[in-house]
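This report concerns only the one structure given below.
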Amino acid sequence: MFKIIFSDIDGTLLNAERDLSEFTIDTVKKLNGEIPFILISSRMPAAMRHLQNKMDIAHLPLISYNGGLILVDDEPVSSTEIPIHILQELHGFNQELEVHLSLFHNDEWYVPRNDFWTQREINNTKVQPEIKSNAKVISKWQQEDKGAHKIMAMGKEEEIDAIRDFLQDNFPNELHLYRSKPSYLEIAPRSISKLTAIEHLLENHFKLPLSQSMAFGDNYNDIEMLKGVGMGIAVGNAKPEVLEIAHVVTTPGKEDGVAKSITEILKI
């Protein structure tokens, strides 16, 4: 029997308004804390908490940055960062391109300027960033001995290609590069994934085996997680490669695929 559920957010859990439907909220509330419902996303924690609050699960752990940061009782229990020297080299390479580089560490989100990309991400995440040049953030984090949990590069397709090629050539073993669309490149530490984060939480916090976990996802960064858990469920709008490896396929995310599956499988 399944004793814990992990769900991706964007493309999986949200409706057409990029919000939670009443059915989804009610379904998670019916789990009544007996079966923890854990959000697992590439988002920063601040972009996940308002969703937790709506479902009355704010007391539960959060997995943000695709597993780069795990919070239990709002405290980091696992944190994997991109080292500052990589940020410096990327910043140097980007001087001529001027691609928008959003820098993230826990609940800190810095944007170099208030541009189209900044506004788009504010709209997507309902979080306000701080405007500070990449150079200033790098020097601040150097003093604080911090790296980035995530870097988001946003810009013209050919410029994003150039950033990707530079990082692949120089840091092939240190970084995971994830392209959600031609104008977006998400940069994360290579050593982590959603599955490594789930394993960490199950072992250290919930004391449950992977076989008793269920997970929902739609995108490439969900593949390892869906293959590794007891039941990996893809929403109907998932990428073809995700649909192929999923144990079960449900209706699309915008049509309450997650809530429908939970209701059917757990008979609630």
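Just to be sure I understand, how many residues within the range 21-76 are within 16 Å of G253 (Cβ to Cβ) and among the polar types (S, T, N, Q)?
Count: 5.
One residue is enough: does the range 138-152 have a residue meeting the conditions among the charged types (D, E, K, R) and assigned to a strand (DSSP E or B)? Explain how you work it out, then say what you get.
Filtering the range 138-152 for residues among the charged types (D, E, K, R) gives 140, 144-146, 150.
Imposing the further condition that a residue be assigned to a strand (DSSP E or B) reduces the set to 150.
Checked the range 138-152: at least one residue is among the charged types (D, E, K, R) and assigned to a strand (DSSP E or B).
Taking the conditions exactly as written (over 25 Å from D73 (Cα atoms), not hydroxyl-bearing (S, T, Y) and not assigned by TED's automatic domain parsing to the domain that holds I70), does P252 satisfy them or not? Spell out how you get there, then give the answer.
Numbers: over 25 Å from D73 (Cα atoms): yes; not hydroxyl-bearing (S, T, Y): yes; not assigned by TED's automatic domain parsing to the domain that holds I70: no.
Considered against the rule, which asks whether it is over 25 Å from D73 (Cα atoms), not hydroxyl-bearing (S, T, Y) and not assigned by TED's automatic domain parsing to the domain that holds I70, P252 comes out as no.
Given the range 1-110, what strands (runs of 3 or more DSSP E) lie entirely inside it while holding 3 or more residues that are of a type outside the set (V, I, T)? Lay out the reasoning, then the answer.
On the way: elements: 4-7, 37-39, 62-64, 69-72, 75-79, 100-105.
Ranges flagged: 75-79, 100-105.
Find the residue count for the range 125-145, including only residues that are surrounded by fewer than 18 Cβ atoms within 10 Å (Cβ to Cβ) and touching a strand residue (DSSP E or B) at 6+ places or on another chain (Cβ under 7 Å).
Selection size over the range 125-145: 4.
Just a yes or no: is a residue in the range 258-266 assigned to a loop (DSSP other than H, G, I, E, B) and either within 20 Å of M55 (Cβ to Cβ) or of a type outside the set (D, E, K, R) (or both)? Don't jump to the end; show me each part of the working.
The first filter runs over the range 258-266 and keeps only residues assigned to a loop (DSSP other than H, G, I, E, B), leaving none.
Checked the range 258-266: no residue is assigned to a loop (DSSP other than H, G, I, E, B) and either within 20 Å of M55 (Cβ to Cβ) or of a type outside the set (D, E, K, R) (or both).
Can you tell me how many residues in the range 48-63 are surrounded by fewer than 20 Cβ atoms within 10 Å (Cβ to Cβ), touching a Ser or Thr at 6+ places or on another chain (Cβ under 9 Å) and touching a residue at least 40 places away in the same chain (Cβ under 8 Å)?
Residues flagged as surrounded by fewer than 20 Cβ atoms within 10 Å (Cβ to Cβ), touching a Ser or Thr at 6+ places or on another chain (Cβ under 9 Å) and touching a residue at least 40 places away in the same chain (Cβ under 8 Å) within the range 48-63 amount to 0.
Identify the residue in the range 203-245 that is among the hydrophobic types (A, V, I, L, M, F, W, C), part of a helix (DSSP H, G or I) and in contact with a Gly (Cβ under 9 Å, 6 or more places away or on another chain) and, among all such residues, is farthest from G11 (Cα to Cα). Break it down stepwise before answering.
The first filter runs over the range 203-245 and keeps only residues among the hydrophobic types (A, V, I, L, M, F, W, C), leaving 206, 208, 210, 214-216, 223, 225-226, 229, 231, 233-235, 238, 242-243, 245.
From what is left, the residues that are part of a helix (DSSP H, G or I) are 206, 210, 223, 225-226, 242-243, 245.
Narrowing further to those that are in contact with a Gly (Cβ under 9 Å, 6 or more places away or on another chain): 210, 223, 225-226, 242-243, 245.
Numbers: L210: 24, I223: 14, M225: 16, L226: 15, V242: 12, L243: 13, I245: 17 Å.
Checked the range 203-245; the qualifying residue farthest from G11 (Cα to Cα) is L210.
Restricting to the range 153-177, what's the tally of residues that are in a helix (DSSP H, G or I) and closer than 15 Å to L101 by Cβ?
7
Can you give me the number of residues within the range 21-54 that are farther than 30 Å from E81 by Cβ and modelled with pLDDT of 95 or more? Spell out the reasoning first.
Keep residues of the range 21-54 that are farther than 30 Å from E81 by Cβ, which gives 21-35.
Now restrict to residues that are modelled with pLDDT of 95 or more: 21-31, 35.
Looking only at that region, the number is 12.
From the set of residues in the range 186-222 that are more than 30 Å from L87 (Cα to Cα), in contact (Cβ under 8 Å) with a residue 24 or more places away in the chain and of a type outside the set (G, A, S), which is surrounded by the fewest Cβ atoms within 10 Å (Cβ to Cβ)?
Residues of the range 186-222 that are more than 30 Å from L87 (Cα to Cα), as a first pass: 202-216.
Then keep just the ones that are in contact (Cβ under 8 Å) with a residue 24 or more places away in the chain; that gives 202, 204-206, 208, 212-216.
Still in the running and of a type outside the set (G, A, S): 202, 204-206, 208, 212, 214, 216.
On the way: L202: 19, N204: 12, H205: 15, F206: 16, L208: 16, Q212: 16, M214: 24, F216: 31.
Here the answer is N204.
Would you confirm, using the coordinates I've provided, whether E130 is assigned by TED's automatic domain parsing to the domain that holds E144, in contact with a Pro (Cβ under 9 Å, 6 or more places away or on another chain) and not small (G, A, S)? Explain how you work it out, then say what you get.
On the way: assigned by TED's automatic domain parsing to the domain that holds E144: yes; in contact with a Pro (Cβ under 9 Å, 6 or more places away or on another chain): no; not small (G, A, S): yes.
It is false that E130 is assigned by TED's automatic domain parsing to the domain that holds E144, in contact with a Pro (Cβ under 9 Å, 6 or more places away or on another chain) and not small (G, A, S).
The values are calculated or read from the model by the stated rules, or taken from the named source; none is laboratory data. Treat the numbers as computed from the prediction; the structure is a model and nothing was measured. Don't worry about glycine lacking a Cβ; one is built from the backbone with ideal geometry, like all the others, and counts go over all protein chains shown.
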